[in-house]
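Below you'll find the structure, written out as structure tokens, and then a few comments.
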Amino acid sequence: MLAAAAPSAALADGAASTRNILLGAGLATYLIIQHNRKVHEKYAEDARQQAALESQNSNMQAAYSSERTAYTNARAEIVDLKREVAYQHSVIVQQLQVAMQSGFGSQPPTRVAAASYGPGKQVSMVSYGWGQV
């Protein structure tokens, strides 16, 4: 626009020339202000995006921390369950040893024969026990 206004300004008289210079300066000022406004809008948008990314990253860090804590708690629970199973196994082994020493395991298991119930119906029942307790 300045290049187009320059030839006409050279041909104009003093008042028009001054007017054209003032209009050109005003136009240049307006363009600089608009450019600066757009640049600042772009900077503000970039700052908003950066803040959103940092917020998302913070949320991801919090989620990771939460999942890590849950995993640690689950591992502790598994260790406790393994201890409980090992304890129960040791109790069962001790009870079997006591039973063997007392003679309960030395007798063969008894068998109960089938019994009939009702006219023509026979129910088969077999039970294996530890003998007389």
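Worth pointing out:
- Entry note: segment 8-99 has Rg to Rh equal to 1.84, where both radii use alpha-carbon atoms and Rh is the Kirkwood radius.
- For His35 and Ala15, the FRET efficiency from 1/(1 + (r/R0)^6), where r spans their Cβ atoms and R0 equals 41 Å, is about 0.85.
Every number here is computed from the coordinates shown, using simple stated rules; none is lab data. This structure is a prediction, so every number in the text was calculated from the model and none was measured. We place every Cβ from the backbone using ideal geometry, glycine too, and count neighbours over all the protein chains shown.
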